[in-house]
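To start, the structure itself, in structure tokens.
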């Protein structure tokens with residue numbers, strides 16, 4: 001079913017692509033020095049960013065909106081650029097990349113189970129968790145190159161969440177009204193479970209970044225309430241620019 005507003009998203013993604021080209025890469029020659037636990041977290045997130053997006057693109061094509069399909073391709077390209085940036089950061093620190101990680105395998109399999117709606121709900125879990133992780137990495141790394149890379153990725157992720165919010169709003173509008181809130185309540189429960197796993201798996205690294213496990217979980221869940229509100233809103237912003245928790249300054253604890 002065609003949805004409105006995605007021509008504007010396509011323009012925004014294309015504008016950002018041109019801005020990145022003009023900006024160029026960080027100065028990788030500076031090198032990077034981080035605690036081992038922080039490097040381990042970067043390795044795992046790099047695996048998660050490193051996908052071809054073919055399954056999502058195929059489902060977007062089937063949705064019947066060429067503007068949305070084009071925007072999804074540009075979104076996937078940004079995610080692939082994140083994987084490249086993190087790979088270059090690892091190389092700058094003399095660290096190897098991982099070829100796989102169990103958490104990424106689980107997320108990919110869940111996303112491929114059903115149609116576009118489930119794919120986006122699972123993807124949104126990863127995006128909301130990533131927002132908090134990259135903010136912690138940007139603010140707590142204590143390494144100039146790492147902070148720059150994390151800041152660039154965070155800037156992109158702050159656009160990705162409202163982009164997915166807008167499509168999910170249209171998708172959930174196709175469900176009976178009484179089913180919409182239970183779907184998003186279930187999404188928050190899955191998000192909580194995933195966040196607890198990430199907090200446990202990355203606990204040592206998060207502590208080195210100045211963000212404890214409890215704070216990390218609390219911040220992710222606080223931001224998720226705004227995602228739910230945006231997805232269920234009766235009248236979301238027509239061009240998607242106001243949808244989601246990270247377009248405006250987030251109401252989260254700690255430095256923004």
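Readers should treat all values here as calculations from the given coordinates under stated rules, not as data from a laboratory. All of these numbers come straight from a predicted model, not from anything done at the bench. FYI the Cβ positions are ideal-geometry reconstructions off the backbone, even for glycines, and counts take in every protein chain you see.
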Query raised in the report: For the residues 39, 9, what sequence is obtained by ranking on other C-beta atoms within 10 Å, fewest first?
Result: 39, 9
Query raised in the report: Give or take rounding to whole Å, what are the principal axis extents of the alpha carbon atoms in the stretch 1-90, in descending order?
Result: 48, 28, 16
Report task. Answer rounded, prolate or oblate for the stretch 145-189, using the Cα gyration tensor with square roots of eigenvalues a ≥ b ≥ c: rounded when a/c is under 1.5, else prolate when a/b is larger than b/c, else oblate. Result -> oblate
